[in-house]
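The values are calculated or read from the model by the stated rules, or taken from the named source; none is laboratory data. Everything quoted here is computed from the prediction, not taken from an experiment. Neighbour counts are summed over all protein chains in view; Cβ atoms, including those assigned to glycine, are modelled from backbone coordinates with ideal geometry. The protein model used for the area step is the full one, side chains on, heavy atoms only, and it has no ligands, DNA or RNA in it. Shrake-Rupley method; radii C 1.70, N 1.55, O 1.52, S 1.80 Å.
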Amino acid sequence: MAKIKMKKKSTSTDMTAMCDVAFLLLTFFILTATAKIPEALPVDTPASTVQTKLPDSDLATLTIGNTDGKDKIFFDLKGRDVRKRTLELMGQKYNVAFSEEDKDKFALMTDFGVPIQNLKQIIDMKASDRVKANQPGVPMDSLDNQLKEWVYNARIANNEYNNSINSKQELQIAIKGDAKEQYPVIKKVMDILQDQHINSFSLVTGLRGKDF
């Protein structure tokens with residue numbers, strides 16, 4: 001008895017719903033994503049095979065680089081509340097007035113490298129203009145060691161904030177130096193930290209492949 005062959009029918013899938021979902025997800029990620037703000041002092045960090053991630057909070061980063069033949073150091077601090085309180089303490093220390101609007105803008109900034117007396121000019125700039133601005137670096141000489149005061153007051157602000165949320169986490173310090181930076185400059189920054197009994201800090205490096 002001959003077999004009956006079933007007629008093959010072409011199948012088609014309606015992709016309308018899937019395309020709608022894909023575009024909705026794409027729109028969601030675009031609207032919720034935040035663009036990475038470029039660093040005011042980009043540096044080429046030395047290579048290392050160590051993979052230790054820096055914390056997202058309770059961290060102050062001291063960036064050391066050289067532009068126009070001059071060594072500069074920039075300061076950055078994680079945490080909006082801690083940044084605002086640190087700026088307030090620094091304003092009191094150097095008798096520089098900052099409005100609430102200045103503090104709110106400062107809380108959203110990244111690293112900076114100017115004396116406290118000129119910081120308001122940097123705060124008032126747009127993010128794109130701030131990166132292009134000629135910042136001479138945070139003073140750290142013996143007559144005007146503002147870097148020491150930034151670290152000191154950042155630790156106070158961090159402790160105050162953590163006490164308010166019942167946390168005992170201390171502020172961690174990271175040094176991010178250019179691979180070509182001279183050792184005496186790095187040592188000077190380390191000495192500033194050790195004067196405040198900060199003997200444990202991180203050195204930021206770039207990841208390189210292991211040699212086999």
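Below is a table of values for the structure above.
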item	result
Farthest toward positive dipole pole in region 121-167 [+1 Lys/Arg, -1 Asp/Glu at C-beta], among Asn153, Ser164, Leu143	Ser164
For Ser57, net neighbour charge (Lys/Arg +1, Asp/Glu -1) across residues whose Cβ lies under 13 Å away	-1
Theoretical FRET efficiency, 1/(1+(r/R0)^6), r = Cβ-Cβ of Gln196 and Phe28, R0 45 Å, to 0.05	0.50
Using a Förster distance of 45 Å, the FRET efficiency for Met18-Ser142 (Cβ separation, nearest 0.05)	0.10
Linear extension gain, Ser167 paired with Lys188, 0.36 nm per residue minus alpha-carbon span	4.4 nm
Sum of side-chain charges, Tyr183 neighbourhood, beta-carbon under 14 Å (Lys, Arg +1; Asp, Glu -1)	-1
Cα-centre dipole for region 61-207 with unit charges at Cβ (Lys and Arg positive, Asp and Glu negative), debye to 20	220
Charge sum, other residues only, whose C-beta stays under 13 Å from Tyr161's C-beta, Lys/Arg counted +1 and Asp/Glu -1	+2
In sequence order, calculated HN-Hα J values of region 77-84 (Karplus, 6.51, -1.76, 1.60; Hz; x Gly/Pro)	8, 8, x, 5, 5, 5, 4, 4
Average accessible area per residue (Å²) across region 121-187 - probe 1.4 Å, nucleic acids and ligands excluded	59
